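Have a look at the structure below, then the notes.
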Amino acid sequence: MAYRMGIDVGGTNTDAVIVDENLKLVAEVKTPTTLDVSSGIYTALRSVLEEAAIPPKEIKYAMLGTTHATNAIVERKRLCRVAVIRLGKPATQSIEPTTGWPEDLKEAIGGNYYLVSGGHEFDGREISPFNEDEIREIAKELKGKVESIAIISVFSPITAEHEQRAGEILKSEMGEIPITYSHEIGSIGLLERENATILNAALINIAQNTAQGFVNALNKEGVTEAKVYICQNDGTLMAVDYAVHYPILTIACGPTNSIRGASFLSRVENGIVLDVGGTTSDVGVITQSFPRESSLAVEIGGVRTNFRMPDLVSIGLGGGTIIRKDGQEIKVGPDSVGYRLTEEALVFGGKTVTTTDIAVRLGLADIGDKEKVNNIPLEFAQCAQEKIMSMVEEAIDKMKVSKDPLPLILVGGGGIIINGTLSGVSEVLRPENFGVANALGAAIAQVSGEVDKIYSLTDMTRDQALDDARKLAKENAVRAGANPDTVTIVQQEDVPLAYLPGNATRIRVKAAGSLKK
Amino acid sequence: MSYIDAQMVEDIAIGAAFLGTGGGGDPYVGKLMALQAIEKHGPVKLLDVEEIPDDAQIVPAAMMGAPTVLVEKVPSGEEVFRAFNILKDYLGTEIYATIPIEAGGVNSMIPIAVAATQGLPLVNADGMGRAFPELQMVTYHLYGVSATPMVIADEKGNTMLLKTVNNFWTENLARNATVVMGGSVMIAIYPMTGKDIKKAGIRNIVTYSAEIGKAIRLARQNDQNPVAALIRVTGGYPLFKGKIGDVMRRTTGGFVRGQAHIEGIDDHRGSKMELHFQNENLIAKRDDQIIATVPDLICTVDAETAIPITTEGLRYGQRVVVVGIPCNEKWRTHKGIETVGPHYFGYDLDYIPVEKRIKDGC
């Protein structure tokens, strides 16, 4: 049997699952997330192996979604000293690298930056010629001073030539030093891409240590035959030897893993996910098994990047939300007893009326001591229940785009408070094992390839350009380890460049597929 | 007279993105240029129109081209220096102050950066009170000010001095030069006197942008509804609340034309809206009835944060509020409507002020 293991580090819990080759759940555990993150991962790893009781050698794939990189940026700890080399002079001088960054983060990475000749126009012409001597000078100056280098060239997503030439010279002059190339990190938008490239360069050591630590821990437990992968924030995977070069792409993979796991558990490819916690609920949308992404710029540790995060709406409604009477009106929340539910809710002998008590009173859930909620008038409970449902309906309505009803996948510990029918929803699905949806999301993740290019539609049609981009994206996915037969286009967007004659259009395509067996 | 400091730049950037009515480009890059310039050279002096002598030479500064190029190929900062110097030599006069041509989008920020680095004051006025796509679409044009002599400058050091027979030729020649120079250039255009500004400028627009941005910022800080604050400070009409369904775009002659379909939520549940745009939002239809047209401002903001959304940034699933705002009176004249009314943009529609459309609709 070939098993898969998925581990996902969350704010509160580190979850681990093992699934068999038909992706059937074999074992699941929840352990508290630890301050250093790593020891929590190792505990989860040991416990899930124990519970599964299978030979560790039969685990053929191990996936990890972790918060190491996010924590390092937020805490400004263990970051590399980075040199930033931007090619584009004379363009771009009006905004220096790391402009707008928090001071303490700038200090943590050093503040060595250089603006040099090079870079390209949107149509591929050079802004200024590449200057080898300039790069050689910099290499001499930097030798022994920095641990990692970030190279950014103007319009490198269109042509990466100058970034690559600069990298070759630096390597030949400085020996082996980690280099992050911006065209491998982000898309058009120099400053956001540069920010992500610098952060990536700063995280290289952490990525090495995390990956090595995970591989060592697996080996120690006898998991010696597994291919190891790290989760990205778009719900797809990177092989571990590849992932150590791109730690920034692992930032915030948690919410994505949750939504992907919910989709997998319910076998729903297009639907809505409602994750009910103790205090809040999140509503997300699944399109073709991937979360719909938000279009707002994302800040990481105070730095603006162009990463895409899942689009979520949060409302103040959970299993511990407090119900009270305000004059003639019944109020639901927004405050909650939170993790103290098992002490403060009526069914647990407490004194506070919560959403959970309402569900028990109406016979919709069986938790705690039923007798203790008999004092709640039935009419009051029904009215509160209506309010709860209309809050959920409103949040769902905000996220849904088409009028057609969609299935709703209910996950999270507070899910028992949701009962009955919801408008705009075709059916409510409550998958088993929803508590470890995130670790499952890691275990079942796919691999992807992306393309972001500007095409000139004077010599080709829009369809030809889209075909070309789709082909490139699929090739990239296969190169990243996807089985060619399973690769499909999961995202596509084309936006013409405004205020510019010549029909230039920017096309972004993402393809994803299952792991090669 | 007052001063523009870093906080005010942040506020103006938000206000300008709103007044961009979906176009004009994300002010982000311009904002960083302005902030860096103010950090190096100090706050910018902001002059009221009445403080300017009649014979003073005023030169607007702006970016021309694709905002998508600007966010990748950031300017060197030297472009406007060269443009201003060439124009100064040609005109044979000192430049007294600079001014925006448009209040919307990235061109609200460029003149602030220019004023700081050149040590010039900025005039509290502009030529649109919003954003428009073409060079002749300014109130300066309505009052017979010529766009040329005009200087176009790229970051490589190339400059071009244009002297044209009319402002439409300027638009045509300059637009093509922009492509050859790499898709994003800096321009010094519409040189004017203080007397011209007094009749042709839209007054107090810089401080108005700042008030919009400040209202949104304070509402968010104080946990109040930022959209309500926005409506209050602008006196605008909330036209619709919904989520974006389909967005269709196509390029014609360098401009992105398209439509966005919005499904109503909350108070507008069951209704739908159709937005037509050519870079900027031009027409808003609610349930097949037109409720606002250009040159009135049709602005789209995020329903939770009130952060403005450009037409390039419109995406499936976003929750938005569409706000309509009456345009400046100068646009409501015969020549104004001829220059930027629905007919000019290819719609067989007469301009009816948004406030009248709303009143008649109810």
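Computed from the coordinates by the stated procedures, all read-outs in this text should not be read as laboratory data. None of these values were measured; they are calculated from a predicted model. Please note: Cβ atoms are built from the backbone with ideal geometry, for glycine as well, and neighbour counts cover all protein chains shown.
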Exercise for the section: Within the stretch B:65-156, report the GluC sites (Glu not before Pro) that DSSP leaves as loop and that have at most 11 other Cβ atoms within 10 Å. Expected result: B:GLU94
Problem - Pair B:GLU51, A:CYS383: separation of 7 Å Cα→Cβ label points (nm) - result: 6.0
Fill in the blank from the handout: Percent antiparallel among DSSP beta bridges confined to the protein assembly as shown, nearest 5, equals 75
Exercise for the section: With everything on Cα atoms, drop me the angle between helix A:38-52 and the longest principal axis of chain A, reported from 0 to 90° to the nearest 10. Expected result: 60
Fill in the blank from the handout: Expected sort for A:PHE122, A:PHE348 with the fewest Cβ neighbours (10 Å cutoff) up front is A:PHE348, A:PHE122
Practice task
Specify the inter-centroid distance of the stretch A:32-67 and the stretch A:298-327, based on alpha-carbon positions, in whole Å.
Solution key: 29
Practice task
Select from the stretch A:68-118 those trypsin sites (Lys or Arg not before Pro) which occupy a DSSP coil region and have at most 12 other Cβ atoms within 10 Å, ordered by residue number.
Solution key: A:LYS77
Completion exercise
Checked against the positive end of the charge dipole of the protein assembly as shown (+1 on Cβ of Lys and Arg, -1 on Cβ of Asp and Glu, about the Cα centre), the farthest of A:ALA437, A:VAL215, A:VAL509 is A:ALA437
Completion exercise
Counting only DSSP loop positions in the stretch B:183-283, the trypsin sites (Lys or Arg not before Pro) whose Cβ has at most 15 other Cβ atoms within 10 Å are B:ARG269
Handout entry: Estimated FRET transfer efficiency when R0 is 56 angstrom, pair B:GLN224-A:SER39 (beta carbons, to 0.05)
Key = 0.80
Exercise for the section: Quote the charge dipole size of the stretch A:446-513 about the Cα centre in Debye, to the nearest 20; the model charges only the Cβ of Lys and Arg (+1) and of Asp and Glu (-1). Expected result: 120
Completion exercise
For the stretch A:314-430, shape from the Cα gyration tensor axes a ≥ b ≥ c, cut at a/c of 1.5 then a/b versus b/c, turns out prolate
Completion exercise
P(r) of chain B over all Cα-Cα pairs, 10 Å bins starting at 0, rounded to whole percent, reads 6, 26, 36, 23, 8, 1, 0
Fill in the blank from the handout: For A:LYS471, counting only aspartates and glutamates whose alpha-carbon sits under 16 Å away and dropping same-chain residues fewer than eight positions off, the answer is A:GLU450, A:ASP452, A:ASP463, A:ASP485, A:GLU493, A:ASP494
Practice task
First measure r as the distance between the Cβ atoms of B:THR333 and B:LYS156, then evaluate 1/(1 + (r/R0)^6) with R0 = 41 Å and state the FRET efficiency to the nearest 0.05.
Solution key: 0.50
Handout entry: Magnitude of the charge dipole, the protein assembly as shown, Cβ model with Lys/Arg +1 and Asp/Glu -1, debye to 20
Key = 300
Handout entry: Percent of beta bridges antiparallel (DSSP, chain B, rounded to nearest 5)
Key = 90
Problem - Mean ellipticity per residue at 222 nm, deg cm²/dmol - from DSSP H runs of n ≥ 4 across the protein assembly as shown, formula -39500 (n - 2.57) - result: -9500 deg cm²/dmol
Exercise for the section: With a 4.7 Å Cβ cut-off, tell me which Cys residues in chain A come up empty for a partner. Expected result: A:CYS80, A:CYS383
Practice task
Mind checking the full-extension length gain between A:VAL74 and A:THR224? Use 0.36 nm per residue of separation minus the Cα-Cα distance, one decimal, nm.
Solution key: 50.7 nm
Practice task
Working from Cα positions, state the angle (0 to 90°, nearest 10) between the long axis of helix A:462-479 and the longest principal axis of chain A.
Solution key: 80
Exercise for the section: State, to one decimal in nm, how far the label point of B:GLU94 lies from the label point of B:ASP350, with both points 7 Å from Cα in the Cβ direction. Expected result: 5.2
Practice task
Can you check how the C-alpha radius of gyration of the stretch A:80-202 compares to 2.2 N^0.38 Å, as a plain ratio?
Solution key: 0.96
Problem - Selection from A:TYR181, A:ASN131, A:GLY144 lying farthest towards where the dipole of the stretch A:80-202 points positive, charges on Cβ - result: A:GLY144
Exercise for the section: With a ≥ b ≥ c taken as the square roots of the eigenvalues of the C-alpha gyration tensor of the stretch B:2-205, please select rounded if a/c is under 1.5 and otherwise prolate if a/b is larger than b/c or oblate if it is not? Expected result: rounded
Completion exercise
Per the C-alpha gyration tensor (a ≥ b ≥ c, the square roots of its eigenvalues), the protein assembly as shown is rounded if a/c is under 1.5, else prolate if a/b beats b/c, else oblate; here it's oblate
Completion exercise
With label points set 7 Å from each Cα along the Cα-to-Cβ direction at A:GLU107 and A:SER314, the distance between them in nm comes to 2.9
Exercise for the section: Report, to the nearest 10°, how far helix A:190-202 tilts away from the longest principal axis of the Cα atoms in chain A, using its own Cα long axis and a range of 0 to 90°. Expected result: 80
Completion exercise
Fewest-first ordering of A:SER128, B:SER271 by Cβ atoms within 10 Å yields B:SER271, A:SER128
Completion exercise
Rounded to the nearest 0.05, FRET efficiency between A:ARG324 and A:SER456 (Cβ-Cβ, R0 51 Å) equals 0.20
Handout entry: Simple Cβ-charge dipole of chain A, Lys/Arg +1 and Asp/Glu -1, about Cα centre, in debye nearest 20
Key = 420
Completion exercise
Proxy exposure order for A:SER156, B:SER76 (fewest C-beta within 10 Å first) is B:SER76, A:SER156
Practice task
Using only alpha carbon pairs under 8 Å that are at least six residues apart, calculate the relative contact order of the stretch A:80-202 and give it in whole percent.
Solution key: 30
Completion exercise
Per-residue average of other protein chain Cβ atoms inside 10 Å, peptide A:92-101 -> 6
Handout entry: Global size of the stretch B:90-225 as Cα Rg and Dmax, reported in angstrom
Key = 16.3, 54
